[in-house]
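This report concerns only the one structure given below.
Only the coordinates and a few stated rules stand behind these numbers; no lab work does. None of these values were measured; they are calculated from a predicted model. Every residue, glycine as well, gets a Cβ built from its backbone with ideal geometry; the counts of neighbours run over all protein chains shown.
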Amino acid sequence: MAPLTEGAPSLPNDFMKEPSHEHTQTAFGELYRIIQTLRGPGGCPWDREQSPESLRGALIEETYECIEAIDTKDTAHIREELGDLFLLVTMIAYMHEQDGAFSVAETLEEIGAKLVRRHPHVFSESTARTSAEVLDQWARIKVEQEGRAPKNSLLDEVSRALPPLERAYKLQKKAAKVGFDWPQLEGVWEKIHEEEEEVRAAMAQHGQIPSSEQQSHLEEELGDLLFAVINLCRYVQVDPSVALQRANIKFTERFKAVERGMKALGLPMGQEHLATMDRLWNEAKG
């Protein structure tokens, strides 16, 4: 994200004072002014060349970096990553403002109006005492006040644009909301074991190098197994994306420890030294 801040002026010292409503408004305005400068005549060539499409990947990457910072509870890192997200979101909105599609102010006004409209229990006289009542109220407001057509299926409310893991999680949550769920945890475990056995049977049937048709069968069975594991995550109220991200971080740290150990021993990474690498891996776990 460094090119996006190229040439950006430093903020005045009073931005470090105790936050307030006015202080926050000023900070948002300063970010907007900086982006105007970067995208304007005489601004940064890299920033001027960007488009909403070119920043999609950065938006996803920065979101996951922010999640990682939240997981580590590093407040300085969280602040930095949230800043990157604010930058990208404001930059993309400003690009549409430049094209005359809508303004940054309209984007902020629209989300503000939506928040007030969907929280009548806070800003009006409606009552919602639990999170479940709030969600039911939101669903009614979408149809009755916002004019959204009721979905043909409850699952149609889950966006198809979501990554597969996140979409599976949300599909299962929607189904569980209307009682389509395992009554006990044991049923979830039995489903995982069932899908595992089906994967094993498919692999035994197709061998080490399956044909394209056999590969499709394996893909289907492995998908069922993954779906069942995601269901377990949902059942015990663990976000599978967050859990997988933690596993990624843990694997990375341990693998790097193996690399350092192999380098200290003067040995190359390779299958011929698997026993040594496995020993270093176990040491890293300890």
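A few points about this structure:
- Ellipticity at 222 nm from helices only: DSSP H runs of n ≥ 4 in the chain, each -39500 (n - 2.57), divided by the residue count, give -22500 deg cm²/dmol.
- Taking Cα atoms only, the orientation of helix 21-39 departs from the longest principal axis of the chain by about 80 degrees.
- Cα-based helix-to-principal-axis angle, 240-265 vs the chain, degrees rounded to 10: 70 degrees
- Between helix 131-144 and the chain: long-axis angle, C-alpha atoms, 0 to 90°, nearest 10: 60 degrees
- At most 10 other Cβ within 10 Å, DSSP loop - GluC sites (Glu not before Pro), the stretch 62-137: Glu125
- Spherically averaged projected area of the stretch 243-285 from its Cα convex hull (nm²): 3.0 nm²
- When the P(r) is computed for the stretch 150-251, the part past 24 Å accounts for 35% of the Cα-Cα pairs.
- For the chain: relative contact order, % (alpha-carbon pairs under 8 angstrom, 6 or more apart): 10 percent
- Calculated from backbone phi, Karplus (6.51, -1.76, 1.60) coupling profile of the stretch 208-223 in Hz, x at Gly/Pro: 6, 10, x, 6, 4, 5, 5, 4, 5, 5, 4, 4, 5, 5, 5, x
- Relative exposure of Leu115, Leu171, Leu165, Leu88, judged by other C-beta atoms within 10 Å (fewest first): Leu115, Leu165, Leu171, Leu88
- With 5 Å bins from 0: P(r) over the chain, alpha-carbon pairs, percent: 1, 4, 7, 8, 10, 13, 14, 12, 10, 8, 6, 4, 2, 0, 0
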